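Chemist: Here it is, the structure, as structure tokens.
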Amino acid sequence: MAELDLHYLTELAAQLRVDSVRAAAAAGSGHPTSSMSAADLMAVLFAGHLRYDFDRPDRPANDQLIFSKGHASPLLYSLYKACGVIDDEELLSFRRRGSRLEGHPTPRLPWVDVATGSLGQGLPVGVGVAMAGRLARLPYRVWVLCGDSELAEGSIWEAAEHAGCEGLDRLTAIVDVNRLGQRGPTRHGWDTGAYARRFGAFGWHTIEIDGHDPVQIDQALTDAANPRGRPTVILARTRKGEGAPEVEDREGAHGKALRDPDKAIDELGGTRDLRITVHEPPADVPRRFEDGPMSLPAYQVGEKVATRTAYGAALAALGQARGDVVALDGEVADSTKTEEFGKALPERFFEMYIAEQQLVAAAVGLRIRGWTPYAATFAAFLTRAHDFIRMAAVSRASIRLVGSHAGVSIGEDGPSQMGLEDLAMLRTVHGSTVLYPCDGNQAAALTVEMADVDGVAYLRTTRGDTPVIYPPGERFPVGGSRVLRHSPDDRATILAAGVTVHEALAAADDLAADGIPVGVIDLYSVKPVDSAALIEAATTTGNLVTVEDHRLEGGLGDAVMDAVSELGPRVVKLAVTDLPGSATPREQLADAGIDRHAIAEAVKRSL
């Protein structure tokens, strides 16, 4: 800031506190005290350092501001009012039905790119945004407002290590160290040195300041903008509820509107109507990568190939065809086969190591800056990042997740490596798409198909080789299915996906030899499921047998039940119900009761 107007900044911070109190009072709930502690920090940032065009929130060189402590939303909305993009009437609609000003920020507002409120997520997403800026060669800065309570989250330290190792020097974390969490004091209280030592150990430049002193804040923000090859954290000692004696630095006031808001407003000097003129961002144009021809892998019918192998080859082909596609790995690229993308397009490949929360968060950060990210790891390990996946959906972030080594069919590695809950987990995510290919050509086609799907899209791949049953070049639209066996005399229909499709086909052949004709449907789209095909099968045969290499709860069988339950067909669900051990893939399928013999016996019992 060229000239520091201390009176203006002091008055602006007081206005932000007053408006935070007013918004929470109008709603009868909210977090005004958490907003009041950070008001000076945000007043100086907005008035002197943030570069943002509110009329063009998609402008490439706009700075990124993330409220990781999303419960301080009254402060964010008060800032928007001061910037003139919302009015006082809308400010006082806070938390009301239909209002854009939700309890925690979401992209319902055009200036909010990522939903926050689940603590520990803003900084990891900020890492992804900083990665995106480096890839696009844009000069924007990423500012993340964190609370001291959320520094107990492991995801914060996944982000700290990655940012430090990568030298993301356009990333600045501003930590509001107000000493008090929801139920009492935080782990380190006002000991900013304790936090500084931790961030310093991860290679961050650390600055400790009085978070209510505009001069110190301005100097720290200016220092943070100096490129030095490492990220910066500003550790600002503040007081929760600053300016209102009723709640200032007092326990028990978290997450509540003030009992006497009028008194607090008077103590803060009353209402004001100051305006902030935020600096314009530069007119930089992002670097883009050229598109090229698409050359998907093609496998011949009868050939054996793992769907994970086909995914890797298809992703590399997709990346060469589309310059917006990027790939992220959880240090298993040789197993997920994402390494094929890394070899072909190393500049757009990101190694996130064994930090699944940061893996997904970085994908979100890259997505909100216009890239199309594919993030892959073992299906079992994505469960560790479920909250980040859930919040990605709240953020309306269209990310592509790939889980390999799914199910008992991985064999001897045993249950710790077997993704057996992933279909259920991803099916429950709002607006998600869940795909499960059974052969190489289908896996390649679905890898491309999911690129433009809205929301969180998940592709489940298999470790072992499976026979190719579809010729190259066929399309598999999301929400579709394939009828692989059908006759007018079918007495039942077997419904499968992935590895169990091949077991279902073998079972159908065995049953046909016994004089029992059955249909087989490949439900490669687990969500949305092909309800029309299922309804037709339910009404024609009346007997449905689902088989999946997944837990009984929440997977393919439940997707089928959701589609046909009102029709009342007989549905038998085969799935993994016991705890597996180590065995060969063939033994695993048999022990789980989902191989060809178990399927055939289930059909006979159902008849």
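The values are calculated or read from the model by the stated rules, or taken from the named source; none is laboratory data. Everything numeric in this text was worked out from a predicted model, so none of it was measured. Cβ atoms come from the backbone with ideal geometry, glycine included; neighbour counts cover every protein chain shown.
Chemist: All but one of (1) within 14 Å of LEU16 (Cβ to Cβ); (2) assigned to a helix (DSSP H, G or I); (3) more than 26 Å from the chain's Cα centre (by Cα) hold for ILE86; state the number of the condition that does not hold.
Modeler: In the conditions (1) within 14 Å of LEU16 (Cβ to Cβ); (2) assigned to a helix (DSSP H, G or I); (3) more than 26 Å from the chain's Cα centre (by Cα), ILE86 misses (2) alone.
Chemist: Among the numbered criteria (1) under 30 Å from HIS104 (Cβ atoms); (2) surrounded by fewer than 23 Cβ atoms within 10 Å (Cβ to Cβ); (3) not small (Gly, Ala, Ser), which one does PRO415 miss?
Modeler: Looking at each condition in turn, PRO415 falls short on (1).
Chemist: Would it be correct to say that VAL434 is in contact with a helix residue (DSSP H, G or I) (Cβ under 6 Å, 6 or more places away or on another chain) and surrounded by fewer than 24 Cβ atoms within 10 Å (Cβ to Cβ)? Spell out how you get there, then give the answer.
Modeler: Working: in contact with a helix residue (DSSP H, G or I) (Cβ under 6 Å, 6 or more places away or on another chain): yes; surrounded by fewer than 24 Cβ atoms within 10 Å (Cβ to Cβ): no.
Criteria not met by VAL434.
Chemist: Just to be sure, is GLY103 over 23 Å from GLU280 (Cα atoms), modelled with pLDDT of 95 or more and part of a loop (DSSP other than H, G, I, E, B)? Please lay out each step first, then the result.
Modeler: Numbers: over 23 Å from GLU280 (Cα atoms): yes; modelled with pLDDT of 95 or more: yes; part of a loop (DSSP other than H, G, I, E, B): yes.
Spelling it out, GLY103 is indeed over 23 Å from GLU280 (Cα atoms), modelled with pLDDT of 95 or more and part of a loop (DSSP other than H, G, I, E, B).
Chemist: So, one more: Look at VAL429 and say whether it is of a type outside the set (Lys, Arg), farther than 27 Å from GLN300 by Cα, touching a helix residue (DSSP H, G or I) at 6+ places or on another chain (Cβ under 7 Å) and buried (at least 24 other Cβ atoms within 10 Å of the Cβ). Please lay out each step first, then the result.
Modeler: On the way: of a type outside the set (Lys, Arg): yes; farther than 27 Å from GLN300 by Cα: yes; touching a helix residue (DSSP H, G or I) at 6+ places or on another chain (Cβ under 7 Å): yes; buried (at least 24 other Cβ atoms within 10 Å of the Cβ): no.
No, not satisfied.
Chemist: If you don't mind, another one. Checking the conditions here, which among ALA362, ALA355 is within 11 Å of the chain's Cα centre (by Cα) and of a type in the set (A, V, I, L, M, F, W, C)? So that I can check it myself, show each step before the final result.
Modeler: Numbers: ALA355 fails: within 11 Å of the chain's Cα centre (by Cα).
Exactly one residue qualifies, and that residue is ALA362.
Chemist: Before we move on, is GLY407 touching a residue at least 40 places away in the same chain (Cβ under 8 Å), small (Gly, Ala, Ser), touching a Leu at 6+ places or on another chain (Cβ under 7 Å) and buried (at least 24 other Cβ atoms within 10 Å of the Cβ)?
Modeler: Numbers: touching a residue at least 40 places away in the same chain (Cβ under 8 Å): yes; small (Gly, Ala, Ser): yes; touching a Leu at 6+ places or on another chain (Cβ under 7 Å): yes; buried (at least 24 other Cβ atoms within 10 Å of the Cβ): yes.
Yes, satisfied.
Chemist: If we only count strands (runs of 3 or more DSSP E) wholly inside the stretch 514-568, which ones have 2 or more residues that are acidic (Asp, Glu) and in contact (Cβ under 8 Å) with a residue 60 or more places away in the chain? Break it down stepwise before answering.
Modeler: On the way: elements: 519-522, 525-527, 543-551.
By residue number, 543-551.
Chemist: Quick check on GLY211: is it out of contact with any Pro (no Cβ under 7 Å at 6 or more places or on another chain) and either crowded, with 21+ Cβ neighbours inside 10 Å or closer than 22 Å to GLU242 by Cβ (or both)? I'd like the intermediate steps shown before the answer.
Modeler: Values: out of contact with any Pro (no Cβ under 7 Å at 6 or more places or on another chain): yes; either crowded, with 21+ Cβ neighbours inside 10 Å or closer than 22 Å to GLU242 by Cβ (or both): yes.
Yes: the conditions hold for GLY211.
Chemist: Hey, can you tell me all the residues within the stretch 540-589 that are under 19 Å from ARG460 (Cβ atoms) and charged (D, E, K, R)?
Modeler: Matches in the stretch 540-589: GLU548, ASP549, ARG551, GLU553, ASP558, ASP562, LYS573.
Chemist: Hey, any hits in the stretch 83-94 for a residue that's crowded, with 24+ Cβ neighbours inside 10 Å and either without any contact (Cβ under 8 Å) to a residue 60 or more places away in the chain or aliphatic (A, V, I, L, M) (or both)?
Modeler: Step one: list which residues in the stretch 83-94 are crowded, with 24+ Cβ neighbours inside 10 Å, which gives 94.
Checking which are either without any contact (Cβ under 8 Å) to a residue 60 or more places away in the chain or aliphatic (A, V, I, L, M) (or both) leaves us with none.
No, that holds for no residue.
Chemist: Let me ask something additional. Quick one: which helices (runs of 4 or more DSSP H) lie wholly within the stretch 214-325 and hold at least 2 residues that are not assigned by TED's automatic domain parsing to the domain that holds GLU347?
Modeler: Details: elements: 214-224, 261-267, 307-321.
Per the criteria, 214-224, 261-267.
Chemist: Checking GLY189 against (1) closer than 22 Å to HIS212 by Cβ; (2) touching a residue at least 12 places away in the same chain (Cβ under 8 Å); (3) of a type outside the set (D, E, K, R): exactly one of these is not met. Which one?
Modeler: The one condition GLY189 does not meet is (2).
Chemist: If you don't mind, there's one more thing I want to ask. Mind checking which residues of the stretch 28-79 are without any contact (Cβ under 8 Å) to a residue 60 or more places away in the chain and either surrounded by fewer than 24 Cβ atoms within 10 Å (Cβ to Cβ) or closer than 17 Å to TYR8 by Cα (or both)?
Modeler: Step one: list which residues in the stretch 28-79 are without any contact (Cβ under 8 Å) to a residue 60 or more places away in the chain, which gives 35, 55-58, 70, 73-77.
Scanning the stretch 28-79 gives ASP55, ARG56, PRO57, ASP58.
Chemist: Restricting attention to the stretch 112-143, report how many residues are assigned to a loop (DSSP other than H, G, I, E, B), farther than 23 Å from PHE289 by Cβ and touching a helix residue (DSSP H, G or I) at 6+ places or on another chain (Cβ under 7 Å).
Modeler: Within the stretch 112-143, the first condition is being assigned to a loop (DSSP other than H, G, I, E, B), and the residues that meet it are 112-121, 137-141.
With the extra rule that they be farther than 23 Å from PHE289 by Cβ, the set shrinks to 112, 114-121, 141.
Those left that are additionally touching a helix residue (DSSP H, G or I) at 6+ places or on another chain (Cβ under 7 Å): 114-121.
Qualifying residue count for the region: 8.
Chemist: Oh, and also: Looking at (1) over 21 Å from VAL478 (Cα atoms); (2) within 36 Å of the chain's Cα centre (by Cα), which is the only condition PRO569 fails?
Modeler: (2)
Chemist: Being surrounded by fewer than 24 Cβ atoms within 10 Å (Cβ to Cβ) and either within 26 Å of GLY255 (Cα to Cα) or without any contact (Cβ under 8 Å) to a residue 40 or more places away in the chain (or both) narrows it down to one of ARG137, ARG179, ARG198, so name that one. It would help to see each step written out before you state the result.
Modeler: On the way: ARG137 fails: either within 26 Å of GLY255 (Cα to Cα) or without any contact (Cβ under 8 Å) to a residue 40 or more places away in the chain (or both); ARG198 fails: either within 26 Å of GLY255 (Cα to Cα) or without any contact (Cβ under 8 Å) to a residue 40 or more places away in the chain (or both).
Answer to the check: ARG179.
Chemist: In a helix (DSSP H, G or I), over 14 Å from CYS83 (Cα atoms) and either within 27 Å of the chain's Cα centre (by Cα) or of a type in the set (D, E, K, R) (or both), is that true of ASP58? Give the steps one after another, and end with the answer.
Modeler: Details: in a helix (DSSP H, G or I): no; over 14 Å from CYS83 (Cα atoms): yes; either within 27 Å of the chain's Cα centre (by Cα) or of a type in the set (D, E, K, R) (or both): yes.
For ASP58, the condition - in a helix (DSSP H, G or I), over 14 Å from CYS83 (Cα atoms) and either within 27 Å of the chain's Cα centre (by Cα) or of a type in the set (D, E, K, R) (or both) - is not met.
Chemist: Inside the stretch 590-607, can you point out the residues that are in contact with a helix residue (DSSP H, G or I) (Cβ under 6 Å, 6 or more places away or on another chain), in a helix (DSSP H, G or I) and closer than 14 Å to HIS502 by Cα?
Modeler: Within the stretch 590-607, ARG596, ILE599, ALA600 qualify.
Chemist: Take the residues of the stretch 505-537 that are of a type outside the set (A, V, I, L, M, F, W, C) and farther than 22 Å from GLU553 by Cα: which is surrounded by the most Cβ atoms within 10 Å (Cβ to Cβ)? I'd like the intermediate steps shown before the answer.
Modeler: Start the filter on the stretch 505-537 by keeping residues that are of a type outside the set (A, V, I, L, M, F, W, C), which leaves 509-510, 514-515, 517, 519, 522, 524-525, 527-528, 530-531, 536.
Then drop every residue that is not farther than 22 Å from GLU553 by Cα, which leaves 509-510, 514-515, 517, 519, 536.
Working: ASP509: 14, ASP510: 17, ASP514: 10, GLY515: 7, PRO517: 17, GLY519: 24, GLU536: 17.
Within the stretch 505-537, the match that is surrounded by the most Cβ atoms within 10 Å (Cβ to Cβ) is GLY519.
Chemist: Sticking with this structure for a sec: Here's a check for you: in the stretch 569-587, which residue that is out of contact with any strand residue (DSSP E or B) (no Cβ under 7 Å at 6 or more places or on another chain) and assigned to a loop (DSSP other than H, G, I, E, B) is nearest to ARG551 (Cα to Cα)? Outline the logic, then answer.
Modeler: Kept after step one, since they are out of contact with any strand residue (DSSP E or B) (no Cβ under 7 Å at 6 or more places or on another chain), are these residues of the stretch 569-587: 577-587.
So of that shortlist, the ones also assigned to a loop (DSSP other than H, G, I, E, B) come out as 577-584.
Numbers: THR577: 6, ASP578: 9, LEU579: 10, PRO580: 11, GLY581: 15, SER582: 17, ALA583: 18, THR584: 19 Å.
Top of the filtered list is THR577.
Chemist: What helices (runs of 4 or more DSSP H), lying completely within the stretch 332-375, carry at least 2 residues that are modelled with pLDDT of 95 or more and of a type in the set (Val, Ile, Thr)? Give the derivation first.
Modeler: Numbers: elements: 333-336, 339-344, 356-368.
Per the criteria, 356-368.
Chemist: Check the stretch 499-506 and report whether any residue there is part of a strand (DSSP E or B), within 30 Å of GLY431 (Cβ to Cβ) and either small (Gly, Ala, Ser) or touching a residue at least 40 places away in the same chain (Cβ under 8 Å) (or both). Spell out the reasoning first.
Modeler: Of all residues in the stretch 499-506, those part of a strand (DSSP E or B) come to none.
Within the stretch 499-506 (the criterion being part of a strand (DSSP E or B), within 30 Å of GLY431 (Cβ to Cβ) and either small (Gly, Ala, Ser) or touching a residue at least 40 places away in the same chain (Cβ under 8 Å) (or both)), the answer is no, since none of the residues qualifies.
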